[in-house]
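One structure is given here, and the rest of the page talks about it.
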Amino acid sequence: MRSEKSSPEASHGSPPASEGTSPDRQRRRGSLLSAVLGASLVLIAIGAVVVSGSFNRKATVKLVGQDQPVNVSARTPGDISAHNSPTLARNPVRPSNLAVSSRIDTPFYSCGLHVSTDAGKSWTQTPIPAPAGEEAKCFAPDVAFSADGTMYLAFATLAGRGNVPNAIWLSTSKDQGKTLSTPRKVSGPFAFQVRLAADPVKPKRLYMTWLQASGTGVLKFPNTGNPIQAARSDDGGATWQPPVQVSGEARQRVVAPAPVVARDGSLYVSFLDMGQDRLDYEGEHQGRGGPPYPGPHKLVVSRSQDKGATWAESEPGDRLNPIQRFIVFLAVAPSIAVDREGRVYTAFHSKNEDDPADVYVWTLEPGASGWSSPTRVNDTKAGDGTSQYLPKLAVAPDGRLDVLYYDRRADPENVENAVSLQSSFDHGKTFTRSVRLSSQPSDSRIGFGAKEGLPDLGSRLALISGDRAALGLWTDTRAGTPATQKQDLAEAAVAVSNPARLSSPAKGALRYGGVILGIVGLVLLGLALRGRGPGSPEPA
């Protein structure tokens, strides 16, 4: 018999029934595709959560409790002292230890110092010793804590019927502000607008700034060319280096210096250049209210990187429009702050064609050669006809920037002051919605100079900021009348919830990792969908 051989087609043409077409393999492949699809969606979701979590979008700022008075006289109706211009300082060694200084204008020129050992829940007043041989007229105090917890209080003494500044003095406290040392003399006559700044790293290094006049007239400086000066102490105020001029020679009308020291030792001083404003500087308004000076002022920041020996100026705001007339001796001050990375902020107000006053912040990034364009802080509608003004800046250790300011948005007549706070979590580019700190409005017409139409609420507000909270202080007139001119200091706290408390490099790394997870998830998703294309089995 003839033997038959199998053809290739017969032996290899059709796959065995056990390969690729069995129901078991289809189920296994479907399960694998389902797993890949699920994993890809999970990775995409995780990546999205990580990326979104690296931003501060969920941060909130809320009022805690209710505002309350600070100065002891606020609870005494018969005491009509006018407290204003607060400075609030925190002891870095004992953070619950706070100190507040205040200027008192009426009924007598004086100074106030209140201290707290429970983070501002309660306050006690500390007597300020009078320097020997001086009239008992303390004025315009400023307070600061050094890195080792020593408290310093600077102030001026006044002399004669004209109440001219006669000398600058410095007292210290080693017991959390409960008692003060005998004052030491720092400088001589005609020193106005004295401010104090402590180096945050070197405990014994202090700086003091002031406007050094050559003489005074009635509510005016009779001569131009009165410079801003700064002096340094390296031994806790026991001795001082000779003062150095901060403002440039070409600036003939400068006022309101405000100093701050960065962690690298750089000293910054912000001040106003009044330009050609003789109306206020030389008192041509004769102490009477009316339209503000129509020309521009400039916001100037001067920096020294050699402990105050030499200075370099910049102009964050070269065209600020004054919002009111003022007494030049009591000029309101711009605010300045610096964060731990060396980023510098400054803030002030300006009138524009839409509103009588808005608050603006400028930012100088570390290593940058110029300031950012100004950011309008107040979240009011442009053209609403109300004023937001006199900002105070503070930076939390985690980099959050807080701004406190007077706010009249609730009064169509633009008279009653509230106090608002807004925060920035992106270095001054954008700000949260405003939080109102004051429970009752204050009449902006109550204060020294009110009878002449130039009421004075002081030269600044006060603010300290921590990672989880901020505490603000302001001049409050709810207990005063135009006749009494009583002013008090009020305080309120806000709580800050910020889930993303990471440094900028950490945030960047987290954001990058989230993007990578998302990309891996998208790749897996593409492979899974490709495996489920036409002709592919459906997953079981």
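The values are calculated or read from the model by the stated rules, or taken from the named source; none is laboratory data. Everything numeric here is computed off the predicted structure, so don't read it as measured data. Neighbour counts are summed over all protein chains in view; Cβ atoms, including those assigned to glycine, are modelled from backbone coordinates with ideal geometry.
A few remarks follow.
- In the range 118-130 there is at least one residue that is under 29 Å from SER434 (Cβ atoms) and surrounded by 19 or more Cβ atoms within 10 Å (Cβ to Cβ).
- Looking at the range 167-265, the strands (runs of 3 or more DSSP E) lying wholly inside it that each contain 2 or more residues that are under 27 Å from the mean Cα position of the chain (by Cα) and touching a residue at least 40 places away in the same chain (Cβ under 8 Å) sit at 191-198, 206-212, 228-233, 254-261.
- Close Cβ contacts (under 8 Å, 6 or more residues apart or on different chains) running from residues in the range 132-158 that are in contact (Cβ under 8 Å) with a residue 60 or more places away in the chain and of a type in the set (S, T, N, Q) to residues that are part of a strand (DSSP E or B) and buried (at least 23 other Cβ atoms within 10 Å of the Cβ) comprise SER146/TYR152; SER146/ALA198; SER146/LEU206.
- Flag if ARG94 is basic (Lys, Arg), buried (at least 21 other Cβ atoms within 10 Å of the Cβ), more than 20 Å from the chain's Cα centre (by Cα) and modelled with pLDDT of 95 or more: no
- In this entry, ASP354 passes the filter for residues that are of a type in the set (Asp, Glu), part of a loop (DSSP other than H, G, I, E, B) and either farther than 30 Å from VAL201 by Cα or touching a helix residue (DSSP H, G or I) at 6+ places or on another chain (Cβ under 9 Å) (or both).
This table checks each residue for (1) more than 29 Å from SER81 (Cβ to Cβ); (2) in a loop (DSSP other than H, G, I, E, B); (3) of a type in the set (Val, Ile, Thr); (4) modelled with pLDDT under 95.
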position	(1), (2), (3), (4)
ASN414	no, yes, no, no
ARG445	no, yes, no, no
LYS451	no, no, no, yes
GLY458	no, yes, no, no
ALA470	no, no, no, no
VAL494	no, no, yes, no
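- Per this entry, ILE104 is counted among residues that are touching a strand residue (DSSP E or B) at 6+ places or on another chain (Cβ under 7 Å), among the β-branched types (Val, Ile, Thr), at pLDDT 95 or above and under 17 Å from TRP474 (Cβ atoms).
- Looking only at residues of the range 131-164 that are among the hydroxyl-bearing types (Ser, Thr, Tyr) and in a loop (DSSP other than H, G, I, E, B), we find that the one that is nearest to PHE329 (Cα to Cα) is SER146.
- Matching residues in the range 111-130 - criterion: being out of contact with any helix residue (DSSP H, G or I) (no Cβ under 8 Å at 6 or more places or on another chain) and not in a strand (DSSP E or B): THR117, ASP118, ALA119, GLY120, LYS121, SER122, THR126, PRO127, ILE128, PRO129, ALA130
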